[in-house]
Amino acid sequence: MTQTIASSGGDSIGRIAELIGGDPMSRIDADMKHVLDALAGLGARPLESATPGAARRQPRLADAVTAILARQNRSQGDDGVEAEAITIEGAEGELGARLYRPPGLLSRLNPMMLYFHGGGFVTGDLDSHDATARALARRTGAIVVSVDYRLAPEHKFPAAHEDAHAAWRWLVQRARDLGGDPRRMAVAGEDAGANLAAHIAIRARDAHLTQPVHQLLIHPIAGSDLSRPSYGETLRARPIGLPAMRWRFRHALENSEQISDARIDLVARQDLAGLAPATIVLAQIDPLRSEGEALGEALEAAGVAVSVLSYDGVTQGFFGLGLLVNKALFAQSDAAQALGRAFAPARHS
């Protein structure tokens, strides 16, 4: 494993950790803080103070980027990526999805990627994470399919996991029709979406389906222990801290015991051997950092090739902010290099 760049978990634990380590937001990079300040200026409130419906209507990081660019008289520019609305097969009916085609595609047999947005299984959609899907398509040259999977609390766990598995089966069957190479397909996602991506790799292995050639797991939900160090350090972190993660789990799960389900608590699994190589991207100011580190250690112990890339001074949700946040550009470049290596071997077979 390589490292690059630098219990119920009571609030008292978080306060002690903050007293020892200081306010987590004091370590934030200036460009990341600029985005979060813009988000606050748009009226975004802490998730834990909102209903799921209200949380989905709130301004998002993507809206903050748009607002900053407008103030600077800048446009988001033309990245050359073509996006098309499509429908795919979910576990219980059709799901919306978005197909991203980067410039310079071959007529057939292009690499492909199935991507799942973040939002803790409760919020997020195709638009909130459009920038990430576009960046992955442009930087890797892969056709990206972003999935609008079902959200809780309307569709509680494991609905999203069932949709993810169905989406992978659909992509395996339809890859050639979309111009893709079924031998060069990866999975990717952010927080909840990263958990879904890892779930696909595990379930594809167990069901003897086509396995992804790589897993890109961006600050994954991967554990059940809310007393891990990063949870305590991020009691007051923005945009996501310990209270927001509790809020997410409360709405996503049917009961508190489900947080220990093997599909959520990947770190505790004893059957991680034989999975696709993984790149884990972590943010310093993120409650999920510690379990992402633990997942990297668990994969390495199981013999899985894994690289853990950790970025100081940024928060959960930073990866898609490449127009404004330097560390996002670094992370996108690093992730694209890992995916490029995964896509390359079959190119000449």
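The values are calculated or read from the model by the stated rules, or taken from the named source; none is laboratory data. If you're wondering where the values come from, they're calculated on a predicted model, not measured in any experiment. So basically every Cβ, Gly included, is an ideal-geometry build from the backbone, and we count neighbours across all protein chains shown.
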Could you list, in sequence order, all residues of the range 158-179 that are in contact with a helix residue (DSSP H, G or I) (Cβ under 8 Å, 6 or more places away or on another chain) and outside any helix (DSSP H, G or I)? none
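Looking at the structure I just gave you, is HIS251 touching a helix residue (DSSP H, G or I) at 6+ places or on another chain (Cβ under 9 Å) and closer than 22 Å to ILE202 by Cβ? Can you show your working first?
Numbers: touching a helix residue (DSSP H, G or I) at 6+ places or on another chain (Cβ under 9 Å): yes; closer than 22 Å to ILE202 by Cβ: no.
It is false that HIS251 is touching a helix residue (DSSP H, G or I) at 6+ places or on another chain (Cβ under 9 Å) and closer than 22 Å to ILE202 by Cβ.
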Do any residues in the range 263-278 that are among the basic types (Lys, Arg) have Cβ atoms under 7 Å from those of residues that are assigned to a loop (DSSP other than H, G, I, E, B), where the two are at least six apart or on different chains, and which pairs are they? ARG263/PRO158; ARG269/ALA262
Of all residues in the range 190-224 being under 13 Å from ALA276 (Cα atoms) and of a type in the set (Gly, Ala, Ser), which is farthest from the chain's Cα centre (by Cα)? ALA204
In the range 119-162, which residues are more than 20 Å from GLU84 (Cα to Cα) and in contact with a strand residue (DSSP E or B) (Cβ under 6 Å, 6 or more places away or on another chain)? none
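Take the range 55-75 and flag every residue that is in a loop (DSSP other than H, G, I, E, B) and surrounded by 12 or more Cβ atoms within 10 Å (Cβ to Cβ).
Step one: list which residues in the range 55-75 are in a loop (DSSP other than H, G, I, E, B), which gives 58-60, 72-75.
Within the range 55-75, GLN58, PRO59, ARG60 qualify.
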Quick one: what pairs do we get from the range 208-228, first residue on the phi > 0 side of the Ramachandran plot and surrounded by fewer than 24 Cβ atoms within 10 Å (Cβ to Cβ), second at pLDDT below 95 and in a strand (DSSP E or B), C-beta under 8 Å, 6+ apart or different chains? none
Pair list, Cβ < 6 Å and 6+ apart or interchain, from the range 35-60 residues that are more than 24 Å from ALA328 (Cβ to Cβ) to residues that are outside any helix (DSSP H, G or I): PRO52/VAL122; PRO52/PRO153
Scanning the range 18-44 residue by residue, those surrounded by fewer than 20 Cβ atoms within 10 Å (Cβ to Cβ), modelled with pLDDT under 95 and within 23 Å of ARG248 (Cα to Cα) turn out to be GLU18, ASP23, MET25
